[in-house]
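The values are calculated or read from the model by the stated rules, or taken from the named source; none is laboratory data. In this text, all values refer to a predicted model and were calculated from it rather than measured experimentally. Cβ sites come from the backbone with ideal geometry, for glycine too, and all protein chains shown count toward neighbours.
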Ligand SMILES: Cc1cc2nc3c(=O)[nH]c(=O)nc-3n(C[C@H](O)[C@H](O)[C@H](O)COP(=O)(O)OP(=O)(O)OC[C@H]3O[C@@H](n4cnc5c(N)ncnc54)[C@H](O)[C@@H]3O)c2cc1C
């Protein structure tokens with residue numbers, strides 16, 4: 001008997017990217033599960049912008065991004081740009097200010113942005129499992145199930161799988177922290 005739980009979308013990684021992806025899919029009516037091996041999601045957001053999260057910039061254009069496919073940024077930004085995120089921040093009543101060069105920061109703490117993302121996930125019916133380690137991912141083509149995941153919390157199956165586990169750490173990279 002198959003005891004795996006079935007989802008339309010599983011997102012591995014509950015950082016800024018994974019949370020946005022999960023809430024968007026959830027609010028489109030998809031059954032979404034977000035998994036993270038950490039004890040809480042959005043940890044990097046908490047330390048971002050020196051604790052106040054530089055959540056967007058008034059001037060964001062495709063030309064500001066380096067990509068092997070420059071058209072991707074054009075397409076992505078035409079569908080969700082800074083004003084869309086600012087609208088979300090205002091919907092949640094989060095006070096913010098412009099620091100310099102169009103950089104927008106919370107007046108308060110970055111946790112307000114994490115709470116915004118979690119509330120939007122809740123509205124989209126996203127299920128979140130923390131302290132969840134993925135042990136195995138296998139391709140599967142049975143009905144709508146295309147991936148089978150084994151985790152320390154049990155088995156899951158999904159039609160779409162998103163891996164949003166952050167970037168690889170480059171030991172040579174001193175990091176551009178100009179947003180702080
Ligand atoms: C000090 C600092 C300040 C910053 N300030 C800003 C700022 O103000 N504004 C800004 O735009 N950017 C800022 N950044 C950059 C920003 O934090 C990152 O670009 C952003 O968080 C990347 O989001 P992400 O979702 O791709 O990855 P991450 O935030 O790294 O999230 C990845 C998630 O995946 C989980 N994960 C990883 N591996 C696994 C696994 N095998 N199984 C399950 N889960 C896994 C992790 O626990 C984590 O929750 C800052 C970065 C730093 C370090």
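Restricting attention to segment 170-179, does a residue exist that is within 30 Å of residue 54 (Cβ to Cβ) and either modelled with pLDDT of 95 or more or surrounded by 12 or more Cβ atoms within 10 Å (Cβ to Cβ) (or both)?
So far as segment 170-179 goes, yes, one or more of its residues are within 30 Å of residue 54 (Cβ to Cβ) and either modelled with pLDDT of 95 or more or surrounded by 12 or more Cβ atoms within 10 Å (Cβ to Cβ) (or both).
Just for segment 155-167: of the residues that are assigned to a strand (DSSP E or B) and within 15 Å of the ligand (Cβ to nearest atom), which one is surrounded by the most Cβ atoms within 10 Å (Cβ to Cβ)?
Here the answer is 158.
Taking only segment 95-141 into account, find how many residues are assigned to a loop (DSSP other than H, G, I, E, B) and surrounded by 20 or more Cβ atoms within 10 Å (Cβ to Cβ).
Of the residues in segment 95-141, 3 are assigned to a loop (DSSP other than H, G, I, E, B) and surrounded by 20 or more Cβ atoms within 10 Å (Cβ to Cβ).
Considering segment 3-48 alone, what residues qualify as being in a loop (DSSP other than H, G, I, E, B), more than 9 Å from the ligand (Cβ to nearest atom) and touching a strand residue (DSSP E or B) at 6+ places or on another chain (Cβ under 8 Å)?
Answer for segment 3-48, where residues must be in a loop (DSSP other than H, G, I, E, B), more than 9 Å from the ligand (Cβ to nearest atom) and touching a strand residue (DSSP E or B) at 6+ places or on another chain (Cβ under 8 Å): 3, 4, 30, 31.
State all residues of segment 49-60 that are surrounded by 12 or more Cβ atoms within 10 Å (Cβ to Cβ) and part of a loop (DSSP other than H, G, I, E, B); if no residue qualifies, say none.
Residues satisfying the conditions are 52, 53, 58, 60.
Looking at segment 116-128, I want the residues that are in contact (Cβ under 8 Å) with a residue 12 or more places away in the chain and not assigned by TED's automatic domain parsing to the domain that holds residue 87 and have a partner that is assigned to a helix (DSSP H, G or I) and surrounded by fewer than 14 Cβ atoms within 10 Å (Cβ to Cβ) with Cβ atoms under 8 Å, at least 6 apart or on another chain. Which pairs are those?
none
Within segment 77-93, which residues are closer than 15 Å to residue 110 by Cα and surrounded by 11 or more Cβ atoms within 10 Å (Cβ to Cβ)?
85, 86, 88, 89, 90, 92
In segment 94-115, how many residues are within 14 Å of the chain's Cα centre (by Cα) and over 21 Å from residue 60 (Cα atoms)?
So the count comes out to 2.
Check whether at least one residue in segment 52-64 is under 14 Å from the mean Cα position of the chain (by Cα) and within 6 Å of the ligand (Cβ to nearest atom), and report yes or no.
For segment 52-64, residues under 14 Å from the mean Cα position of the chain (by Cα) and within 6 Å of the ligand (Cβ to nearest atom): absent.
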